Amino acid sequence: MCGIFGILSIGADGLIAAADFIALGERNTARGNLGFGGLIIRDRGASPATPIVYRFAEPFDGSRIPLTEAKVALGHVRAPTNVRTDDLVAIHPFETRELLLAHNGLLLNHAQFPAWQINPALNVDSGVIIGGIQHHLDQGAPIIEAIGQTVAVLDGQQACWLWHKPTGALYLWRVMSPIYVGRTSPPSPLSVSQRGGVIQESAFSVIREGASFMVIFSSVKDEHAQALLDEGMIYQLAPDFGDFRPIAHFPFYNPYRVR
Amino acid sequence: MSEQKPDCVAIVSGGFDSVTLLHYLVKTEHKAPAVISFLYGQKHSREIACARENVALLGLTQHQVIDLSGLAAVFASSALVDAAQAIPDVETVMGDPQPPTYVPNRNLIFLGLAAAYAESIGVSDVYYGAQKHDIYSYWDTTALFLERMNAVYALNRKTPIQIVAPFVNHSKADILRVGLAIGVEYAKTWSCYAGGALACGRCPTCAERLAAFAALGLIDPVPYAATT
């Protein structure tokens, strides 16, 4: 189990301040600090944008992340549940032909899906999430359905970010594990959709009026990231980075939540 | 109930899981457990009164309450022990591999003492109440942990101890079903970590307990200060 975090530049041409992202990563090391990784996007507007992936099998060191001119910066710090290997293959993001995924949480039933496991030798639960989504993509499912069909059958904690390479879209979702989110400029909490499966128009529709700001998400609550994304909801950062909103929901089980 | 020679040891904190386990051992498995409980400086030490009450209810006569509260400094990094640390809400600990509610090496220490007690009274089985979702936060509740502890105790030359966790694949709701079927009185259990007169309704164990009752369409009889 681990921590995930990121900063997304929404709207105009704002660049992510390296110090902000490094500080965010350092706060997340409270949830694990045995390796770190992530991806950086610089070429917003390209079709699709090109992810620059970084992985290090060592404690978090923000100076090693290629943050120059970043418009999307995503991170993951690692606290492995079973696997103690220092091999880079165990460091998130995990990767398939079309996907990059980072996961915080612990699955209880991943062994039931061996065909989805992208690395049987490593046998990490996160490998089943990305493998399952890729499996459904290979079967012809659209990306949203591929995510939903995979995560809905997995029992356990999930807080994930997923980069879809063909479209350059980013997806976030969670079950139990938190993803706190907020924005800067103005520094108000993100207005998230209501519980109960109702998909609402995101507060980020203000982008259409020309506003620009940074969206921050994190496994650790802080002064900017204070609102929890809804459980069982898939959120999308559109490929043009102009919109971040909930787009689909999926069934989930949370033994700590009164339903 | 007449005094019976113990045939196993059960670790009972006085909480939801371990009290259900105790009733299950007596009423379903027809065991005669010697019970062991621990004071370790926990804020919610009132759980021990619940352990005592259930031991008495079941007519058990062997109950060791081991006072480790002098060792509270050993466990002081835990929010369950350290007065300066607030008990976290459930939302903030989810996905945390070792949240503030983790008590350093507590389960291994308790199991070690329970194994010693078992050896002293000449029984082989030590029962404890680990359940399915404990592993989200605690490395010392996993099936792998249990397997390796048992591998160590199998080395004992005269009294190989076996640690048994019958509910390790049960959710809290599953345990509640078991308990209700055998007449466990959940008003006589205490789970909340916060140490108040009323359960907080917000800490991880309160949240899980409330959800278990709700899943069965029931109301938890324990009084709550707040529910979420």
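The values are calculated or read from the model by the stated rules, or taken from the named source; none is laboratory data. Just so we're clear, the structure is a prediction, and the values are computed from it rather than from any experiment. Cβ sites come from the backbone with ideal geometry, for glycine too, and all protein chains shown count toward neighbours.
How many residues are touching a residue at least 12 places away in the same chain (Cβ under 8 Å) and not in a helix (DSSP H, G or I) when one looks only at the stretch B:198-217?
The qualifying residues number 7.
How many residues are among the small types (G, A, S) and surrounded by fewer than 21 Cβ atoms within 10 Å (Cβ to Cβ) if we restrict to the stretch A:26-58?
Looking only at that region, the number is 5.
I'd like the full set of residues that are buried (at least 16 other Cβ atoms within 10 Å of the Cβ) and either away from chain B (no Cβ under 14 Å) or within 21 Å of A:H164 (Cα to Cα) (or both), limited to the stretch A:248-259.
A:A248, A:H249, A:F250
Any residue at all in the stretch A:2-23 that is among the hydroxyl-bearing types (S, T, Y), closer than 20 Å to A:D222 by Cα and modelled with pLDDT under 95?
yes
Hey, can you tell me all the residues within the stretch B:101-128 that are part of a loop (DSSP other than H, G, I, E, B) and of a type in the set (S, T, Y)?
Hits for the stretch B:101-128 are B:T101, B:Y102, B:S124, B:Y128.
On the given criteria, is A:Q117 over 20 Å from B:I135 (Cα atoms) and over 20 Å from the mean Cα position of the chain (by Cα)?
No.
Go through the residues of the stretch B:62-73 one by one and say whether even a single one is crowded, with 21+ Cβ neighbours inside 10 Å and modelled with pLDDT of 95 or more.
no
Here are B:Q98, B:Q64, B:Q4, B:Q85: which of them is outside any strand (DSSP E or B) and farther than 30 Å from A:L228 by Cα?
Answer to the selection: B:Q4.
Report the residue count in the stretch A:146-169 for those that are within 14 Å of chain B (Cβ to nearest Cβ) and in a strand (DSSP E or B).
Counting residues in the stretch A:146-169 that are within 14 Å of chain B (Cβ to nearest Cβ) and in a strand (DSSP E or B) gives 5.
Here is a list of conditions, (1) touching a helix residue (DSSP H, G or I) at 6+ places or on another chain (Cβ under 8 Å); (2) under 27 Å from B:A151 (Cα atoms), and B:T101 meets all of them except one; can you say which number that is?
The number of the failed condition is (2).
What number goes with the only condition from (1) free of Cβ contacts under 8 Å to residues at least 40 places away in the same chain; (2) in a strand (DSSP E or B); (3) of a type outside the set (D, E, K, R) that B:V26 does not pass?
Just one mismatch for B:V26, condition (2).
Checking B:A225 against (1) away from chain A (no Cβ under 14 Å); (2) of a type in the set (G, A, S); (3) over 16 Å from the mean Cα position of the chain (by Cα); (4) more than 25 Å from B:V93 (Cα to Cα), which single condition isn't satisfied?
Looking at each condition in turn, B:A225 falls short on (4).
Have a look at B:V26, B:V65, B:V74 and point out the one that is under 21 Å from B:F167 (Cα atoms) and either away from chain A (no Cβ under 14 Å) or under 14 Å from the mean Cα position of the chain (by Cα) (or both).
Of B:V26, B:V65, B:V74, the one residue that is under 21 Å from B:F167 (Cα atoms) and either away from chain A (no Cβ under 14 Å) or under 14 Å from the mean Cα position of the chain (by Cα) (or both) is B:V26.
Of the residues B:G112, B:G129, only one is within 19 Å of B:I163 (Cβ to Cβ), free of Cβ contacts under 8 Å to residues at least 40 places away in the same chain and either within 13 Å of chain A (Cβ to nearest Cβ) or not polar (S, T, N, Q) (or both); which?
None of the other options fit; the residue is B:G112.
Yes/no per residue for (1) part of a loop (DSSP other than H, G, I, E, B); (2) touching an Asp or Glu at 6+ places or on another chain (Cβ under 8 Å); (3) among the hydrophobic types (A, V, I, L, M, F, W, C):
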site: B:A130; (1), (2), (3): yes, yes, yes
site: B:H170; (1), (2), (3): yes, no, no
site: B:A173; (1), (2), (3): no, no, yes
site: B:V184; (1), (2), (3): yes, no, yes
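Name every residue in the stretch A:100-119 that is touching a helix residue (DSSP H, G or I) at 6+ places or on another chain (Cβ under 6 Å) and closer than 15 Å to A:V151 by Cα, in order of residue number.
Result: A:L101, A:H103, A:L106, A:L107, A:H110, A:F113, A:W116, A:Q117.
Based on this model, can you work out whether A:I4 counts as within 19 Å of A:L162 (Cβ to Cβ), touching a strand residue (DSSP E or B) at 6+ places or on another chain (Cβ under 9 Å) and either surrounded by fewer than 22 Cβ atoms within 10 Å (Cβ to Cβ) or within 14 Å of chain B (Cβ to nearest Cβ) (or both)?
yes
Only one of B:V178, B:V168 is free of Cβ contacts under 8 Å to residues at least 60 places away in the same chain, surrounded by 14 or more Cβ atoms within 10 Å (Cβ to Cβ) and in contact with a helix residue (DSSP H, G or I) (Cβ under 9 Å, 6 or more places away or on another chain). Can you tell me which?
B:V168
Just one of B:S191, B:S171 is closer than 30 Å to B:E147 by Cβ, within 14 Å of another protein chain (Cβ to nearest Cβ) and touching a Gly at 6+ places or on another chain (Cβ under 9 Å); which is it?
B:S191
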